[in-house]
1. Roughly speaking, what is the centre-to-centre gap between the stretch 247-263 and the stretch 10-30 when only Cα atoms are used, to the nearest Å?
2. Taking the Cα centre of each part, how many Å lie between the stretch 121-145 and the stretch 72-88?
3. Order the peptides 40-46, 159-165, 285-291, 257-263 from the highest to the lowest mean number of other Cβ atoms within 10 Å of their residues.
4. Search the structure for amide H atoms under 5 Å from the amide H of MET44, placed 1.01 Å from N in the peptide plane, and list their residues when 5 or more places away or on another chain.
5. Could you state the accessible area per residue of the stretch 104-226 in Å², with a 1.4 Å probe and every protein chain left in place?
6. Over 22 Å between Cα atoms, which of LYS76/LYS270; LYS3/LYS32; LYS8/LYS270; LYS8/LYS110 qualify?
7. Per residue of the stretch 172-177, in order, report the coupling 6.51 cos²θ - 1.76 cosθ + 1.60 (Karplus, θ = phi - 60°) as ³J(HN,Hα) in whole Hz, putting x for Gly and Pro.
8. Given only helices, namely DSSP H runs of n ≥ 4 each adding -39500 (n - 2.57), what is the per-residue ellipticity at 222 nm of the chain, to the nearest 500 deg cm²/dmol?
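The values are calculated or read from the model by the stated rules, or taken from the named source; none is laboratory data. None of the values given here were measured: they were computed from a predicted structure. All Cβ positions, even for glycine, are placed from backbone atoms using ideal geometry, and neighbour counts span all protein chains on display. Heavy atoms of the whole protein, side chains included, go into the accessibility calculation; ligands, DNA and RNA do not. Shrake-Rupley method; radii C 1.70, N 1.55, O 1.52, S 1.80 Å.
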Amino acid sequence: MSKTLVMKFGGTSVGSVDALKNAIQIIRDAKKDWERVVVVTSAMSGVTNLLLDSAASASHGKVDSLPAAESSLREKHFAAADALIKDESLREQTKSEINALIFSLVDLCKAIAVLGEASPRAMDTVASLGERMSVRLLAAVVHDAGIPAHGIESTEFIVTNANFQNAHPDFNVTTEKTRGKLNPLMDKGIVPITTGFIGATPEGAITTLGRGGSDYSAAIIGAVLPANDVWIWTDVDGVMTTDPRIAPDAQTLPEISYGEIAELAYYGAKVLHSKTIRPVVEAGIGLRICNTFNLSHPGTRLI
Ligand code: ADP
Ligand code: ASP
Ligand code: MG
């Protein structure tokens, strides 16, 4: 049996009931082949944009779209919780924790509207709510499916500088904290399920690693544990010759070199956050990009 696997699920991969069902299956299968599995989740698709749009409107004094944002967030998360968490007390607990985070969005936006500005620090606190909601949902649905799992916010172990909206991790402190938080769970056979995208300063202010940063979170966690492999679960078969949304005849590459992927990321290919490659290559960790909606496809391997 292989040792340690870090799997990251992107927004679409946790964005609907069907996607979450596949994610559960993927985690169940991984547990059969790997001694230790860590799961990193993005916010449900569309959520980070909705949160940041709400904060941006608030900074112009506009809070009239808040009720719609609130109900859309509630609807999205609660529909999944209702469909996938059979245990009533776990379901209600999960929904009430998500609801509390939605209320904090409203409070934050009202405060931003009063001030008439949203600092980068405030924007990060708002943006963090997406992953803080999805991690509760995913941990609960996985646990309810009979897989021992525990939700934990990465703000507890990814320590960054105060460069809000594009924070840089302190790898020494992050190594010690990540091992200290995740190893005891994994020693007990529990799958830690954690937030991508976010960290915290040594003083505890929430930071983000930049848009699309959950891939980077998975790479950081993989590098510091260290893991043997990091798998990025997304909504396409792997890294393709070009953006499939622009070129429908784009081909999936079974293998990609460090140089090729760095170039794609440099030119802005959204499939992988540009900072993801370096930590995995430096730590000698395998990287694979695969499709949550096409489980039999091998995806792309970094070689
Ligand atoms: P996730 O939410 O899983 O992180 P993203 O939307 O951030 O997913 O990235 C996946 C998307 O990246 C694909 O749906 C695809 O449209 C886009 N994309 C752009 N360039 C490429 C490429 N070269 N190969 C694959 N996907 C690409
Ligand atoms: N949810 C964050 C974003 O939309 C991070 C990520 O999805 O990787 O930017
Ligand atoms: Mg992404």
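1. Cα centroid of the stretch 247-263 versus Cα centroid of the stretch 10-30: 24 Å apart.
2. One Cα centre to the other: 13 Å.
3. On the way: 40-46: 26.3, 159-165: 18.3, 285-291: 21.1, 257-263: 14.4.
The packing order, highest mean first, is 40-46, 285-291, 159-165, 257-263.
4. SER134
5. Working: 4450 Å² over 123 residues.
Per residue, the stretch 104-226 has an accessible area of 36 Å².
6. Working: LYS76/LYS270 24 Å; LYS3/LYS32 11 Å; LYS8/LYS270 15 Å; LYS8/LYS110 33 Å.
In this structure, LYS76/LYS270; LYS8/LYS110 lie more than 22 Å apart at Cα.
7. Karplus-based 3J(HN,Hα) across the stretch 172-177 equals 5, 5, 5, 4, 4, 5 Hz.
8. Values: 9 runs with 145 residues, N = 303.
Using -39500 (n - 2.57) per qualifying helix, the result is -16000 deg cm²/dmol.
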